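Participant: Sharing a structure below in structure tokens format, with a few things to ask.
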Amino acid sequence: MLSSLFNPLGAFRQCSRLLRMPDARPGRTALVRTRLSFCCRNPEVGPARARLGPFTLHAHTEGELAYLFGEVFVRREYYVDLRRPDPFIVDCGANIGFATLFFKLHYPAARILAFEPNPSCFKLLQCHIEENQLRDVTAMQSACGKDNGQISFFVSRGFSPLSSIHGGRAENAEEIKVKLVKLSDHLTEDVDLLKLDVEGAEWDVLADLVESGKLARVRRMAIEYHHRIGGAKSEMGSFLKILEDAGFNYDIEANLHEEQRFAGLFQDVMIYANRPGVK
């Protein structure tokens, strides 16, 4: 997964994509410079640091930094045209804060509520907020689910995006207890965008929002759905049915290599859901 990020061909492809972005933030030149800086680095070395225009990026390792930069700033998996300068965004599963920073780059006046249970990731999330002077960002060190309390959380020390409530998500993961909250308790106004990347807990978060009636306050969602996580059966249709019953339209993005077809493997799937009339 990381090898393609640290070779000339991978760098060329990503830089070419960045140069074709007319609305890149904080600018195409800044993004390309940051991407090129990864080429000569050892992905296993950490902690990692890079400049992105006027901002500073931090990560546990060089490999983690390059991977998340590609996901958030190159592929722009969480980009949504919100059509207003001051949206309210909920970042559920904020990890180390790259998506939060991405939202602020595109919507400087946005108000953001970010949730992240992993202690080391939360520390870097706070670092990004403070060092880059991000205003109107509230960070909560907790996981989101269908109850309030505590839950077992499995921390991947080598690659934090694999940390999850599912123990088999990463090899040699460390089990810890983290605070668990109901997202519905924190939605007191309409949400312009709910970014939901919670490594398999999306079922519980959605169930809470449906049961509480707070899903009606959400206008758009960018959901990373974890298809067959932990060897679970295929049930994405049921997940999509919940969105349909709640009145959402949706688009799906899934990158599947030919050798993965009919293999029954785990797969990340992006779901972009919006209410009719809300683009």
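What follows draws every value from the coordinates through simple rules; no lab data is involved. Since this is a predicted model, take the numbers as computed values, not measurements. Cβ placement follows ideal geometry from the backbone for every residue including glycine, while neighbour counts extend to all protein chains displayed.
Participant: Taking the simple approach of a point 7 Å from Cα along Cα-to-Cβ for both residue 120 and residue 266, what is their distance in nm?
Facilitator: It works out to 1.8 nm between the two label points.
Participant: If you don't mind, there's one more thing I want to ask. If each DSSP helix of 4+ residues adds -39,500 (n - 2.57) and the sum is divided by the residues in the chain, what number results at 222 nm, nearest 500 deg cm²/dmol?
Facilitator: -7500 deg cm²/dmol
Participant: Follow-up. So which GluC sites (Glu not before Pro) in the range 131-179 are both in a DSSP loop and have at most 13 other Cβ atoms within 10 Å of their Cβ?
Facilitator: Answer in residue order: 171.
Participant: For the range 1-157, what value does the Rg/Rh ratio take when both radii are computed over Cα atoms and Rh is the Kirkwood radius, given to two decimals?
Facilitator: That ratio equals 0.97.
Participant: What does the charge count near residue 146 come to, summing +1 for each Lys or Arg and -1 for each Asp or Glu among other residues with Cβ under 10 Å from its Cβ? It would help to have the intermediate numbers written out before the result.
Facilitator: Numbers: positive: 182; negative: 147, 204, 208, 211.
Net charge around residue 146: -3.
Participant: I need the peptides 68-80, 232-244, 207-219 ranked by packing, meaning the mean over residues of other C-beta atoms within 10 angstrom, with the highest value on top.
Facilitator: 68-80, 207-219, 232-244
Participant: Return the sequence-ordered ³J(HN,Hα) values of the range 105-118 in whole Hz as given by the Karplus equation 6.51 cos²θ - 1.76 cosθ + 1.60 applied to θ = phi - 60°, using x for Gly and Pro.
Facilitator: For the range 105-118, the Karplus-derived couplings read 5, 8, 9, x, 8, 5, 9, 10, 10, 10, 10, 7, x, 5 Hz, x marking Gly and Pro.
Participant: Under a crude label model (7 Å from the Cα following the beta-carbon direction), how far is residue 147 from residue 86 in nanometres?
Facilitator: Taking the simple label geometry, residue 147 and residue 86 are separated by 4.0 nm.
Participant: Run the numbers for residue 238 and residue 40: contour at 0.36 nm per residue of separation, minus the present Cα-Cα distance, in nm.
Facilitator: Length gained, residue 238 through residue 40: 66.8 nm.
Participant: Here is a follow-up. Once each part is reduced to its C-alpha centroid, what is the distance from the range 146-164 to the range 6-59 in angstrom?
Facilitator: Using only Cα atoms, the two centres lie 28 Å from each other.
Participant: Now for a different question. Roughly how big is the range 1-76's charge dipole about its Cα centre, with Cβ charges of +1 (Lys, Arg) and -1 (Asp, Glu), in debye to the nearest 20?
Facilitator: It comes to approximately 380 debye.
Participant: Gain in length, residue 20 to residue 250, computed as 0.36 nm per residue apart minus the alpha-carbon separation, to one decimal in nm?
Facilitator: Fully extending the segment from residue 20 to residue 250 adds 80.2 nm.
Participant: Of the listed pairs 104/214; 104/195; 123/146; 179/233, which have alpha-carbon separations greater than 23 Å here?
Facilitator: Numbers: 104/214 25 Å; 104/195 14 Å; 123/146 25 Å; 179/233 28 Å.
The pairs that break the limit, which is 23 Å between Cα atoms, are 104/214; 123/146; 179/233.
Participant: Among 16, 120, what is the fewest-to-most ranking by other Cβ atoms within 10 Å?
Facilitator: Numbers: 16 10, 120 14.
Listed from fewest to most nearby Cβ atoms, that is 16, 120.
Participant: Here's something else I'd like to know. Among 96, 271, what is the fewest-to-most ranking by other Cβ atoms within 10 Å?
Facilitator: 271, 96
Participant: With a point put 7 Å past each Cα toward its Cβ, work out how far residue 257 is from residue 75 in nm, to one decimal.
Facilitator: For the pair residue 257/residue 75, the computed spacing is 1.3 nm.
Participant: For a bin width of 5 Å, list the pair-distance distribution of the chain built from all Cα-Cα distances, rounded to whole %.
Facilitator: 1, 5, 12, 16, 20, 19, 14, 9, 3, 0, 0
Participant: Near residue 12, within a Cβ-to-Cβ distance under 14 Å, what is the net charge of the other residues, with Lys and Arg +1 and Asp and Glu -1?
Facilitator: Its environment carries a net charge of +4.
Participant: Let me ask something else. With θ set to phi - 60° and the Karplus curve 6.51 cos²θ - 1.76 cosθ + 1.60, what are the ³J(HN,Hα) couplings of the range 31-41 in order, to the nearest whole Hz, using x for Gly and Pro?
Facilitator: Values per residue, Gly and Pro as x: 5, 5, 4, 5, 5, 5, 5, 7, 4, 9, 9 Hz.
Participant: Could you tell me the distance between the Cα centroids of the range 241-279 and the range 88-129, to the nearest Å?
Facilitator: Comparing the Cα centres of the range 241-279 and the range 88-129, I get a distance of 23 Å.
Participant: Give me the one-decimal Kirkwood hydrodynamic radius in Å for the range 1-76, with the sum taken over alpha-carbon pairs.
Facilitator: It works out to 12.2 Å.
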